[in-house]
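Let me begin by presenting the structure, written as structure tokens, before commenting on it.
The values are calculated or read from the model by the stated rules, or taken from the named source; none is laboratory data. Not measured: the values here are computed from a predicted model. Backbone-built Cβ (ideal geometry, glycine too); neighbour counts: all protein chains shown.
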Amino acid sequence: MDLKYERKLIKQGYKVIVGVDEAGRGAWAGPIVAGATMIFNTKSKIPKFVYNIKDSKQLSSKKREELFELIKINFIWSVGVVNAKEIDNIGMTKANKLAMRRAVKNLSYKPDYLLIDYIKDIGLDITTEGIKGGDTKILSIAAASIVAKVYRDCLMKKIHQTVSDWGFDKHKGYGTSLHRQHLIDNGVSKHHRLSFAPIQKHVT
């Protein structure tokens, strides 16, 4: 993957181009996390590691973590986090967009163009392009997907340290058979999304 798309936008006059993606939308517990990434200088020589960047779902956990360390050094990046309680209060669609807005607002530079996986409008006064399958096509979106995934996985490991009975360090809150068994054995925790149908049956 290269910066062809971002460079095309620069030729059109845009200067601060940011990719945005999320992790945790389908999980039963924990936050949704959005990542936002901007390359420092798209006119300079591209670091070799950039060509290894892919959609986070196409990478092993170890490879994602390795790339995240390189992204932190070579990209401008940030995250936005919306916790389970907020998700229950406003619903997943609004929570997803809120996480993305928070990620963009947490950047050290204000973007003038947003590239987002699928979503066309997150409620910011910034030119935005939603690209179906963007995390497999656009480098800055793919990088954002890695940031979001690794950051969220780290949050779930921290949550596990406070509530170890649900195995969040292993399944990261997703609907696995292990997670289902923990729900049967222990009921729900304060980190579960109570508005989600698979969780409601375990609420007493």
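Among the residues of region 61-76, is any in contact with a Leu (Cβ under 9 Å, 6 or more places away or on another chain) and under 23 Å from ILE122 (Cα atoms)?
Within region 61-76 (the criterion being in contact with a Leu (Cβ under 9 Å, 6 or more places away or on another chain) and under 23 Å from ILE122 (Cα atoms)), the answer is yes, since at least one residue qualifies.
Test of understanding: among THR93, THR127, which residue is farther than 23 Å from LYS201 by Cα and hydroxyl-bearing (Ser, Thr, Tyr)?
Values: THR93 fails: farther than 23 Å from LYS201 by Cα.
Matching residue, one of THR93, THR127: THR127.
Can you pull out the residues in region 82-109 that are of a type in the set (A, V, I, L, M, F, W, C), touching a residue at least 60 places away in the same chain (Cβ under 8 Å) and under 19 Å from ILE146 (Cα atoms)? Quick ask: steps written out before the conclusion?
Filtering region 82-109 down to residues of a type in the set (A, V, I, L, M, F, W, C) leaves 82, 84, 87, 90, 92, 95, 98-100, 103-104, 107.
Next, only the ones that are touching a residue at least 60 places away in the same chain (Cβ under 8 Å) stay: 84, 87, 92, 95, 99-100, 103-104, 107.
The answer is ALA99, MET100, ALA103, VAL104, LEU107.
MET38 passes all but one of (1) at pLDDT below 95; (2) closer than 14 Å to THR128 by Cα; (3) part of a strand (DSSP E or B); which number fails?
Among (1) at pLDDT below 95; (2) closer than 14 Å to THR128 by Cα; (3) part of a strand (DSSP E or B), the lone unmet condition for MET38 is (2).
Considering only residues that are at pLDDT below 95, not charged (D, E, K, R) and not in a strand (DSSP E or B), look in region 61-106 and name the one that is surrounded by the fewest Cβ atoms within 10 Å (Cβ to Cβ). It would help to see each step written out before you state the result.
The initial filter retains those residues of region 61-106 that are at pLDDT below 95, namely 70-76.
Of the ones still in play, those that are also not charged (D, E, K, R) are 70-71, 73-76.
After this cut, where a residue has to be not in a strand (DSSP E or B) as well, the list is 70-71, 73-74.
Working: LEU70: 17, ILE71: 23, ILE73: 10, ASN74: 17.
So, considering only residues that are at pLDDT below 95, not charged (D, E, K, R) and not in a strand (DSSP E or B), the one surrounded by the fewest Cβ atoms within 10 Å (Cβ to Cβ) is ILE73.
Where in region 126-201 are the helices (runs of 4 or more DSSP H), entirely inside, with at least 2 residues that are in contact with a helix residue (DSSP H, G or I) (Cβ under 6 Å, 6 or more places away or on another chain) and modelled with pLDDT of 95 or more? Lay out the reasoning, then the answer.
Details: elements: 139-162, 168-171, 177-186, 197-200.
Fully inside region 126-201 and qualifying: 139-162, 168-171, 177-186.
Residue under question is LYS54, and the condition is that it be farther than 19 Å from LYS137 by Cα, part of a loop (DSSP other than H, G, I, E, B) and touching a residue at least 24 places away in the same chain (Cβ under 8 Å); does it hold?
Working: farther than 19 Å from LYS137 by Cα: no; part of a loop (DSSP other than H, G, I, E, B): yes; touching a residue at least 24 places away in the same chain (Cβ under 8 Å): yes.
For LYS54, the condition - farther than 19 Å from LYS137 by Cα, part of a loop (DSSP other than H, G, I, E, B) and touching a residue at least 24 places away in the same chain (Cβ under 8 Å) - is not met.
Is it the case, given these coordinates, that LEU183 is aliphatic (A, V, I, L, M), closer than 25 Å to ARG64 by Cα and touching a His at 6+ places or on another chain (Cβ under 7 Å)? Before the answer, list the steps.
Working: aliphatic (A, V, I, L, M): yes; closer than 25 Å to ARG64 by Cα: no; touching a His at 6+ places or on another chain (Cβ under 7 Å): yes.
So LEU183 fails the test.
Each row is one residue, and each column tells you yes or no for (1) surrounded by 17 or more Cβ atoms within 10 Å (Cβ to Cβ); (2) β-branched (Val, Ile, Thr); (3) out of contact with any Lys or Arg (no Cβ under 7 Å at 6 or more places or on another chain); (4) under 27 Å from GLU66 (Cβ atoms).
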position: TYR151; (1), (2), (3), (4): yes, no, yes, yes
position: LYS158; (1), (2), (3), (4): no, no, yes, yes
position: GLN161; (1), (2), (3), (4): no, no, yes, yes
position: SER189; (1), (2), (3), (4): yes, no, yes, no
position: LYS201; (1), (2), (3), (4): no, no, yes, no
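May I ask you to list pairs of residues, at least six apart or on different chains, whose Cβ atoms are under 6 Å apart, with the first in region 149-173 being over 16 Å from ALA84 (Cβ atoms) and the second being aromatic (Phe, Trp, Tyr)?
Qualifying pairs under 6 Å: VAL150/PHE68.
State whether one or more residues within region 13-36 are surrounded by fewer than 19 Cβ atoms within 10 Å (Cβ to Cβ) and without any contact (Cβ under 8 Å) to a residue 40 or more places away in the chain.
To start, the set of residues in region 13-36 that are surrounded by fewer than 19 Cβ atoms within 10 Å (Cβ to Cβ) comprises 13-16, 25-26.
Going one step further and asking which of them are without any contact (Cβ under 8 Å) to a residue 40 or more places away in the chain, we end up with 13.
Among the residues of region 13-36, at least one is surrounded by fewer than 19 Cβ atoms within 10 Å (Cβ to Cβ) and without any contact (Cβ under 8 Å) to a residue 40 or more places away in the chain, which makes the answer yes.
Suppose the filter is of a type in the set (A, V, I, L, M, F, W, C) and within 16 Å of the chain's Cα centre (by Cα); does VAL50 pass it? Spell out how you get there, then give the answer.
Values: of a type in the set (A, V, I, L, M, F, W, C): yes; within 16 Å of the chain's Cα centre (by Cα): no.
So VAL50 fails the test.
Determine which single condition ILE116 fails, assuming it passes every other condition in (1) surrounded by 14 or more Cβ atoms within 10 Å (Cβ to Cβ); (2) part of a loop (DSSP other than H, G, I, E, B); (3) of a type in the set (A, V, I, L, M).
Every listed condition holds for ILE116 apart from (2).
Under 9 Å by Cβ, and 6 or more places apart or on different chains, what pairs join a residue from region 185-196 that is more than 13 Å from MET92 (Cα to Cα) and in contact (Cβ under 8 Å) with a residue 12 or more places away in the chain with one that is of a type in the set (Phe, Trp, Tyr) and part of a loop (DSSP other than H, G, I, E, B)?
As it stands, the answer is HIS192/TRP28, since those pairs meet every condition given.
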